[in-house]
Amino acid sequence: SEPVLEIAFTTPISAPWGSPAGSSVIHQPLIQADISYDGHSYKGIGYCKRYWFVEPPHFWSWRFINGAVDDGRYMIWTADAQWGEDAEKYDYFRIAYPDGTVLAAENIDSYHRDNAAHGVIDGTAYEVQIDELCEWSGQVRHASMDTKLRQRFCKMRVIHDGEVDESYALNETGMG
């Protein structure tokens, strides 16, 4: 018989909010996946972001880093973006925990570099460093925009309070 694939998702956190340029966003960090394939069981942790615009911006750019530490002890969830040429910059640095707690840096205390993200939460400085392991890129086209999308699977280090947590992360950038 053919192998059967089944995937069940559990979403402990759904965080909706608006963002610049009149978009709506739903973030779902720490999604739990129970996977069954060909008689074997696997578990996974993921992140989902869905957004939609009243009017899609012609120009936009973003940089995201998302990664779960210690099989879901917490998830780093960051963004540095601009949706439209006249929109204000959109920054965040968040840490999500499986119990639903989300800690957030103020926008002014959150920023990115090519291979890093930084945030200060309740007086604690966090630095996320990433090293690319592999990359995928492509072009996303629409009648009103043309975007270069790049996704990198990375080794991640989260540095805070003299500690270093290591894991893996997805780094996504887009511009157009």
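Within the bounds of segment 132-155, is there any residue that is of a type in the set (Lys, Arg), under 29 Å from LYS43 (Cα atoms) and at pLDDT below 95? No; the residues of segment 132-155 include none that is of a type in the set (Lys, Arg), under 29 Å from LYS43 (Cα atoms) and at pLDDT below 95.
Here is a yes/no grid of residues against (1) farther than 17 Å from ALA15 by Cα; (2) at pLDDT 95 or above; (3) hydroxyl-bearing (Ser, Thr, Tyr):
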site: TRP60; (1), (2), (3): yes, no, no
site: TYR74; (1), (2), (3): no, yes, yes
site: TRP77; (1), (2), (3): no, no, no
site: PRO98; (1), (2), (3): no, no, no
site: ILE108; (1), (2), (3): yes, no, no
site: HIS112; (1), (2), (3): yes, no, no
site: ASN115; (1), (2), (3): yes, yes, no
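Quick check: anything in segment 42-59 of a type outside the set (A, V, I, L, M), open to solvent by 20 Å² or more (accessible area, probe 1.4 Å), in a strand (DSSP E or B) and in contact (Cβ under 8 Å) with a residue 40 or more places away in the chain? There is at least one residue in segment 42-59 that is of a type outside the set (A, V, I, L, M), open to solvent by 20 Å² or more (accessible area, probe 1.4 Å), in a strand (DSSP E or B) and in contact (Cβ under 8 Å) with a residue 40 or more places away in the chain.
Please determine, by comparing only the residues of segment 146-156 that are charged (D, E, K, R) and within 15 Å of the chain's Cα centre (by Cα), which one is least open to solvent (accessible area, probe 1.4 Å).
ARG152
So how many residues does segment 134-145 have that are in contact (Cβ under 8 Å) with a residue 24 or more places away in the chain and either within 30 Å of GLU106 (Cβ to Cβ) or open to solvent by less than 100 Å² (accessible area, probe 1.4 Å) (or both)?
3
Within segment 160-171, no residue that is without any contact (Cβ under 8 Å) to a residue 60 or more places away in the chain and under 11 Å from MET75 (Cβ atoms) sits with its Cβ atom under 8 Å from a residue that is open to solvent by 70 Å² or more (accessible area, probe 1.4 Å) and aromatic (Phe, Trp, Tyr) at 6+ positions apart or across chains. The single condition among (1) open to solvent by 50 Å² or more (accessible area, probe 1.4 Å); (2) farther than 25 Å from ILE7 by Cβ; (3) more than 13 Å from the chain's Cα centre (by Cα) that ARG63 does not meet is (3). So is GLU85 surrounded by fewer than 12 Cβ atoms within 10 Å (Cβ to Cβ), modelled with pLDDT of 95 or more and on the phi < 0 side of the Ramachandran plot or not? Taking the combined requirement at face value, the residue does not satisfy it.
The values are calculated or read from the model by the stated rules, or taken from the named source; none is laboratory data. Source: prediction; values computed, not measured. Heads up, the Cβs are rebuilt from the backbone with ideal geometry, glycines too, and the neighbour counts pull from every protein chain shown. Side chains included, ligands, DNA and RNA excluded: accessible areas come from the protein's heavy atoms. Shrake-Rupley method; radii C 1.70, N 1.55, O 1.52, S 1.80 Å.
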